[in-house]
Amino acid sequence: MMIEDKQHRTLLPGSTIGVLGGGQLGRMMALAGSAMGYRFVALDPTPDAPCGQVADQIVAAYNDREAARELARRSDVITYEFENVDADVAAMLMSESYVPQGSELLYTTQHRLREKRAIEAAGVRVAPYSEVRSSEELRAAAEKFGLPCVLKTAMGGYDGKGQWVIRSFDEIEEAYETLSRAGVELVLEQFIKFDKELSVIAARSPQGEIKAFPAAENIHVENILHLSIVPARIAESVQKEAEELAVKIAEGLGVVGLIAVELFLTADGELFVNELAPRPHNSGHYTMEACRTSQFEQHVRAVCNLPLGDTELLTPVVMVNVLGQHVEPLLARMAKHDEAAARLNVAPKVHLYGKKDSVFKRKMGHVNVLAGHVQQALDWIEETTIWKV
């Protein structure tokens, strides 16, 4: 059922939500939304994709316009679960369906230079950066920023891919030659000597209501997110500022749905935005059990124009990612009584994504470890030895 006025539509339970992308984020979105009474259909090229196991699936490439039109025919509203969806297809769908997130934000966040300029236009600070079009420009920018500095492709790349940390001027030629093969613009960023990496998930509805979740403290291992610790081990004033920055960006960019804002916190308490993701985010998975409303329910509420849910944190939590090499030891542990969990008074909540093969260093799931204090959760993660594999 749909209620419509001149400015926006409200989609009530019983409506069908189309999802561009059928990975784990779509899966968890569908699980949260179907509990509310929504139906889901996903478009993804991988047969039996994670989302396709819990919702209908159209198996087709993301740039297949006929498949996208079929998604539009079967959906009352369309969203996306990752930002590398074809922006032209998203723009086409806007004319043939209802895509409250639009294609403009997708277009902006798919490109690091456009994204940085949009963040600055919203009045928020990013790390100093420079577009580079040649090895000479790269050398000049590196001399200006100092070493180390980070060269990145403007498009594509995740979990550390598509970037090169330049630690010596002898690397300039090789770094430029290697990354320029991608055939897209390159951007050099000044290396921020951060004390902590943080992220905040904010949600905004079409009518302008905005709510932010508590900031997470993130720890990466080999450029892949390993832990999200909530509450973050930071001053309350920094927590408040991080959440205010996320709200400012959501408002300034006219976000509909979720926006994940990744931040660097320096030793002297300064915050710099690293990058954005206009969708549910790995660092927001802790919300599934630890908050009154999960990020996935919140995203559904936002794109359907329902009132946003309460984002209060109910319990300290540490989210730990499960990569391919962790699956077998985790399953073995699940089959037995967990003495460490009982002794430490923690509750590990396991989420596996239904991916066909356990691939080394590929995200296969996560565990939300609920505890009275985050240190208890961290102690459990250490004692299991699962994440030492």
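The values are calculated or read from the model by the stated rules, or taken from the named source; none is laboratory data. Just so you know, these numbers come straight off a predicted model, no measurement behind them. Positions of Cβ are backbone-derived with ideal geometry, glycine not excepted, and every protein chain shown enters the neighbour counts. SASA here: full protein model, heavy atoms, side chains in, ligands and nucleic acids out. Shrake-Rupley method; radii C 1.70, N 1.55, O 1.52, S 1.80 Å.
Between F296, F360, F272, the GNM of the chain built on Cα springs shorter than 10 angstrom shows F360 fluctuating the most. When a/c is below 1.5 the answer is rounded, else prolate if a/b is larger than b/c, else oblate, so apply that to the chain with a ≥ b ≥ c taken from the square roots of the Cα gyration tensor eigenvalues. Because its axes are fairly even, with a/c under 1.5, the chain counts as rounded.
Within the listed set S228, S134, S103, the residue fluctuating most in the Gaussian network model of the chain (springs between alpha-carbon atoms under 10 angstrom) is S134.
Computed on the chain, with alpha-carbon pairs under 8 angstrom and 6+ residues apart, the relative contact order is 14 percent. Counting only protein heavy atoms and a probe of 1.4 Å, the accessible surface of the stretch 182-291 is 45% carbon and sulfur.
Strictly over 21 Å apart at the Cα level, which of K211/K349; K144/K248; K116/K248; K363/K388; K211/K240; K193/K248 would you flag in this model? Over 21 Å apart, Cα to Cα: K211/K349; K144/K248; K193/K248. Checking every one of the GluC sites (Glu not before Pro) in the stretch 203-267 against DSSP loop status and a limit of 15 other Cβ atoms within 10 Å picks out E209, E222.
Using a probe of 1.4 Å on the protein chains alone, the accessible area found for I201 is around 0 Å².
Net length available on complete extension from D195 to L314 is 40.2 nm, with 0.36 nm assigned per residue and the Cα-Cα distance removed.
Projecting label points 7 angstrom from Cα along Cα→Cβ for V59 and Q207 puts them 4.2 nm apart. Rounded to the nearest whole Hz, the Karplus-based 3J(HN,Hα) values (6.51 cos²θ - 1.76 cosθ + 1.60, θ = phi - 60°) of the stretch 51-62 follow the sequence 5, x, 6, 10, 8, 5, 9, 9, 8, 6, 5, 5, with x at glycine and proline. Largest GNM mean-square fluctuation across R69, R112, R27, computed for the chain with C-alpha springs under 10 Å, falls on R69. Summed over qualifying helices (DSSP H, 4 residues or more, each -39500 (n - 2.57)) and divided by its residue number, the chain shows a 222 nm mean residue ellipticity of -9000 deg cm²/dmol. The residues of the chain expose on average 43 square angstrom of accessible surface per residue, using a 1.4 Å probe on protein heavy atoms.
Between V165 and K349, the modelled label-to-label distance comes to 3.3 nm, taking each label 7 Å out from Cα in the direction of the beta carbon.
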